[in-house]
Amino acid sequence: MGIVATVLFLVLLALALIALAPVHRPPLSTLSFMIGFAAGELAGQLLVLTVVLAWVVDALGWPSGILGTIALAAAVGAALGFGALLGVALCSRRVVGRALARTRGVEVHRATRRPGWLRWWRTWLAAPLHGAGVHVHRDLAYVEDGDRAHLLDVLVPSAGVQQAPVMVFVHGGAWTIGSKEQQSLPMLFELASRGWVVVSCNYRLSPKATWPDHIVDVKRVLAWAKENAAAYGGDPARFLAISGNSAGGHLAALAALTPGEAAWQPGFEDVDTSVDACVSLYGVLDMTGDPASAGHQGRALQALLGNSVMKQLIADAHDTYEASSPIHRLTEHAPPFLVLHGTKDTLVSVGIARAFVAAFRALTTAPLCYVELPWAQHGYDTLCSTRCSATVVGITQFLDALVAARATRAVP
């Protein structure tokens with residue numbers, strides 16, 4: 001029993017330490033993400049588990065000798081680590097609120113009503129289960145070719161809605177994996193419960209797909225939303241936003257910055273694919289892997305893109321890499337942006353977000369809110385965690401402010 005208890009406490013301590021001090025250098029950066037993400041977003045649950053386990057072990061008889069000392073040190077260290085992670089996560093709402101308050105060009109008001117879907121008990125349950133207040137129209141084709149990559153879901157309030165603002169969401173997964181049913185569900189369910197029409201899409205994935213197939217599909221989804229959202233109660237003319245996480249954050253930002261890019265709208269070149277706002281969650285906003293911003297992850301990004309996505313090395317197609325980078329497509333006509341990124345992200349360096357924000361502010365006066373989340377890993381929006389709850393509330397406040405400003409013509 002003593003050996004088992006000690007091993008369990010050591011495992012818990014390792015989880016906390018990896019979340020607190022992840023390794024940013026590939027290939028260990030991926031392992032750091034997998035472990036650190038879970039430990040960071042479930043810190044409260046793991047803290048409770050550590051305390052309960054210590055109580056059970058003590059009740060059964062704490063190990064004696066050096067084994068008992070190691071078990072005690074590991075248990076205390078794990079509890080302190082998870083406590084620190086939880087404390088920082090609990091401060092996320094304050095961090096988001098300060099960022100919103102500093103946003104120029106739009107007046108953001110604090111939420112005046114309770115979340116429609118993201119209630120407090122979901123934070124402890126963690127799993128983003130489908131609630132009764134949201135109805136999902138599943139597997140609608142935006143290209144009639146029988147390919148599952150060309151399906152989307154539409155989320156609406158169960159009670160129905162009319163002339164609602166519309167959000168298009170693009171999932172992440174390194175342009176190679178993922179689907180519309182898996183990611184950022186807390187945000188999608190909350191927006192739908194608040195009266196938005198949410199379109200969550202699949203798109204063609206590499207290595208089967210080759211760039212620019214991915215962005216072409218996202219543009220097709222925007223065209224579909226503008227033509228068909230009204231059938232589900234949405235009004236894209238009132239307000240149309242786009243969002244995505246990781247690779248999806250890249251695609252969402254790129255689509256927002258390149259409306260009417262003819263090369264990426266084959267067969268529908270004349271369709272208006274402009275949007276009114278973009279929300280990028282830890283998006284890959286620079287595809288060149290510039291070490292000044294991407295850090296250790298830059299070479300890994302170049303290898304992934306060269307081997308599976310672009311299928312051309314950056315040395316042979318630097319212009320293509322730049323043209324696909326949101327940071328290089330910024331102009332004075334950029335729509336309002338909300339950029340969120342975690343300081344502990346080991347897959348997409350926070351330096352990329354900082355560089356994009358600096359470039360954005362230098363080129364345009366459009367509203368920009370940048371939220372840098374202390375100790376947050378990649379993928380923090382996947383579970384109904386304390387941090388995710390804070391960011392979702394902030395996102396809804398930012399978008400609601402833009403919708404209200406659009407109605408009064410306060411935002412260009």
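All of the numbers you see were taken from the coordinates with simple rules; none came from a lab. Since the structure is predicted, the reported quantities are computational estimates derived from the model, not experimental observations. Every residue, glycine among them, receives a Cβ derived from its backbone with ideal geometry; neighbour counts consider all protein chains shown.
Pairs of Cα atoms under 8 Å, at least six residues apart: use those to get the relative contact order of the stretch 305-412, whole percent. Provide the component values of the computation, followed by the final result.
Numbers: 102 pairs, mean separation 25.1, N = 108.
This gives 23 percent for the stretch 305-412.
Can you give the FRET efficiency for residue 316 and residue 7, using 1/(1 + (r/R0)^6), R0 = 51 Å, r = Cβ-Cβ distance, to the nearest 0.05? Present the calculation step by step, with values, prior to reporting the outcome.
Working: r = 50 Å, r/R0 = 0.98.
Calculated transfer efficiency: 0.50.
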query = Taking springs between alpha-carbon atoms closer than 10 angstrom, which of 394, 68, 351 fluctuates most in the Gaussian network model of the chain?
reply = 68
request  = Could you please state, rounded to a whole Å, how far the C-alpha centre of the stretch 317-368 is from the C-alpha centre of the stretch 183-215?
outcome  = 20 Å
task = Mind checking which of 393, 230, 140 is farthest towards the positive end of the stretch 111-407's charge dipole, using Cβ charges of +1 (Lys, Arg) and -1 (Asp, Glu) about the Cα centre?
result = 393
task = Calculate one ³J(HN,Hα) per residue across the stretch 118-135 by plugging θ = phi - 60° into the Karplus curve 6.51 cos²θ - 1.76 cosθ + 1.60, and present them in order as whole Hz with x for glycine and proline.
result = 7, 6, 4, 5, 5, 4, 7, 5, 6, 5, x, 7, 5, x, 6, x, 10, 10
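Below 8 Å between Cα atoms, with a sequence gap of 6+, how large is the relative contact order for the chain in percent?
Numbers: 840 pairs, mean separation 82.4, N = 412.
Relative contact order here is 20 percent.
Which entries of 208/311; 180/344; 180/219 show an alpha-carbon separation above 20 angstrom in the structure shown?
On the way: 208/311 11 Å; 180/344 26 Å; 180/219 16 Å.
The answer is 180/344.
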task = Compute the separation of the alpha-carbon centres of the stretch 1-28 and the stretch 62-108 and state it in Å as a whole number.
result = 15 Å
message = Normalised by the empirical 2.2 N^0.38 Å for globular proteins, what value does the Cα Rg of the chain take?
response = 1.02
inquiry  = Between 208, 344, 226, where does the largest GNM mean-square fluctuation fall for the chain, given springs only between Cα atoms within less than 10 Å?
reply    = 208
remark   = Given 256-263, 33-40, the highest-first ranking by average Cβ count within 10 Å works out to 33-40, 256-263
message = Looking only at the chain, where both bridge partners belong to it, what percent of the DSSP beta bridges are antiparallel (to the nearest 5)?
response = 30 percent
note = Measuring from its Cα centre, the chain shows a charge dipole (+1 at each Lys and Arg Cβ, -1 at each Asp and Glu Cβ) which, in debye to the nearest 20, is 1240 debye
ask   = How do the peptides 48-57, 234-243 rank, highest first, by the average count of neighbouring beta carbon atoms within 10 Å per residue?
value = 234-243, 48-57
Rounded D (µm²/s) - the stretch 2-90, Kirkwood Rh over Cα pairs, Stokes-Einstein at 25 °C, 0.890 mPa s = 185 µm²/s
request  = Provide the per-residue ³J(HN,Hα) series for the stretch 296-307, in order, calculated from phi with Karplus coefficients 6.51, -1.76, 1.60 and θ = phi - 60°, each as a whole number of Hz, with x at glycine and proline positions.
outcome  = 5, 6, x, 5, 4, 5, 4, 5, 4, 5, x, 7
inquiry  = Which one, 78, 177, 320, is farthest towards the positive end of the dipole of the chain when Lys and Arg carry +1 and Asp and Glu -1 on their Cβ?
reply    = 78
ask   = Between residue 52 and residue 120, what is the spin-label point distance in nm, taking each point 7 Å from the Cα along the Cα→C-beta axis?
value = 2.0 nm
query = For the stretch 149-268, what is Rg from Cα atoms divided by 2.2 N^0.38 Å, rounded to two decimals?
reply = 1.00
inquiry  = Suppose each label sits 7 Å from its Cα in the direction of the beta carbon; what would the residue 62-residue 129 distance come out to in nanometres?
reply    = 3.7 nm
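Show me 160-167, 58-65, 333-340, 116-123 ranked by packing, highest mean number of other Cβ atoms within 10 Å first. Could the numbers behind the result be given before it?
On the way: 160-167: 19.8, 58-65: 11.8, 333-340: 22.6, 116-123: 17.6.
Going from most to least packed, we get 333-340, 160-167, 116-123, 58-65.
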